[in-house]
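In what follows, a structure is listed as structure tokens, so that the remarks can point back to it.
The values are calculated or read from the model by the stated rules, or taken from the named source; none is laboratory data. Please read these numbers as outputs of a predicted model, since none were measured by experiment. Because the Cβ atoms are built from the backbone with ideal geometry, glycine has one as well, and the counts that use them run over all protein chains shown. Only protein heavy atoms, including side chains, enter the accessible area calculation; ligands, DNA and RNA are left aside. Shrake-Rupley method; radii C 1.70, N 1.55, O 1.52, S 1.80 Å.
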Amino acid sequence: MLLWLLGCAKDTALDTAGSVESVEPVVQQLDMEDPVDNTTAFAKMRGSLESDEEVVFYWHGYIYNHELQDPFAETETSYSASPILAFEGYNIARLEKISDTEYLMLSREITVYKNLFGKIIDCFDNRAVNAEDSEWVPVVHVQNDPVNFVVGESGYKEIGDLIVWDMDIFLAYPSPLPIEDYPQYSASNTYQSIELFDFYAERSDLENPELNSVPVHLSWVRKGQYLPWMKAGQKDGGLIYHAQGYKVLEGWDGLPEELKEWTEENAPDYKHAPERDTYGSNMTSWRYMKKLLQEGNYPTTCQ
């Protein structure tokens with residue numbers, strides 16, 4: 001996906017003699033080592049400086065099965081893995097300014113799982129991950145609400161005219177689905193994952209004082225456990241996600257039609273960002289699965 005550009009052509013104006021002269025665009029020089037400038041640039045990239053403007057990030061990619069090999073086995077051939085699922089989703093957010101170096105991000109997000117032909121699925125054959133008990137299992141699409149954070153000055157690097165924010169997140173905490181209580185759905189008593197984000201924005205856009213929000217390209221890689229609904233139990237291995245995305249300058253209206261239709265039918269509240277901070281734990285796929293199981297709302301079969 002190419003980075004969306006707003007264009008950098010110079011404005012022109014007529015002088016008193018009727019000739020055309022160049023007018024340099026207004027530039028607000030950024031010092032990325034200054035905490036205030038850094039935070040302002042990050043806010044323009046991740047959201048908008050206008051607290052009532054909802055900003056949408058869209059992503060799409062593939063999921064691969066990553067099985068661990070027997071360390072004592074002899075491997076005669078290498079292989080190139082094929083994806084087992086496609087996925088797409090979005091996050092919709094607002095930023096509320098706390099101070100010159102802090103913003104509260106209020107957001108929620110949807111991700112839907114798709115087959116390799118691009119169709120949203122409700123059933124999954126867990127033979128694709130070589131589960132011990134092979135069966136078709138009901139799919140639980142991602143509906144995370146809230147996904148709220150305080151954001152501010154962030155690490156970055158410069159590549160040519162691009163400012164790149166790289167966020168490497170390593171998580172490990174007690175799993176909401178302990179093995180003793182949820183043996184079919186739990187990979188471990190510890191939830192573990194790695195998420196690697198890169199956000200790319202043009203310095204010229206960030207330095208444009210007329211822009212409260214700027215075009216952004218997103219790259220995302222995730223290494224995680226088998227999803228609870230896959231019913232893979234404590235099988236060695238996990239999933240690798242690889243996705244690309246971008247800030248949708250048209251907001252909700254600019255999302256793919258099928259994704260919008262699914263959201264309107266299944267989670268219409270996700271057309272807008274949260275209005276306030278709930279001051280609770282952020283929702284995750286594991287917590288959402290536990291909620292479904294506790295409430296008896298996870299189906300046992302599917303077609």
Helix-only CD estimate at 222 nm, as mean residue ellipticity for the chain, using -39500 (n - 2.57) per DSSP H run (n ≥ 4): -3500 deg cm²/dmol
Angle between the chain longest axis and helix 35-46 axis [Cα atoms, degrees, rounded to 10]: 60
Separation of the L292 and C123 label points, Cα + 7 Å toward Cβ, nm: 1.6
Surface/4 of the Cα convex hull for segment 151-202, nm²: 4.9
Angle between the chain longest axis and helix 285-294 axis [Cα atoms, degrees, rounded to 10]: 50
In Å, descending, principal axis extents of the Cα set of segment 208-284: 52, 32, 28
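Expressed as a whole percentage, what fraction of the accessible surface of segment 198-300 belongs to carbon and sulfur atoms when a 1.4 Å probe is rolled over the protein heavy atoms?
Result for segment 198-300: 43 percent of the exposed heavy-atom area is carbon or sulfur.
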The chain - Debye-derived log10 I(q)/I(0), Cα point model, q = 0.12, 0.13 Å⁻¹: -0.88, -1.00
Across K231/K271; K157/K260; K235/K271; K44/K271; K235/K260, pairs whose alpha-carbon gap is larger than 28 Å: K231/K271; K157/K260; K235/K271; K235/K260
Values of log10 I(q)/I(0), in the order q = 0.16, 0.17 Å⁻¹, for segment 161-303 under a Debye, Cα-only, solvent-free model: -1.16, -1.24
Per residue, in Å², the accessible surface of the chain once ligands and nucleic acids are set aside, probe 1.4 Å: 55
Cα-Cα P(r), segment 84-134, percent of pairs per 10 Å interval: 21, 29, 21, 16, 11, 1
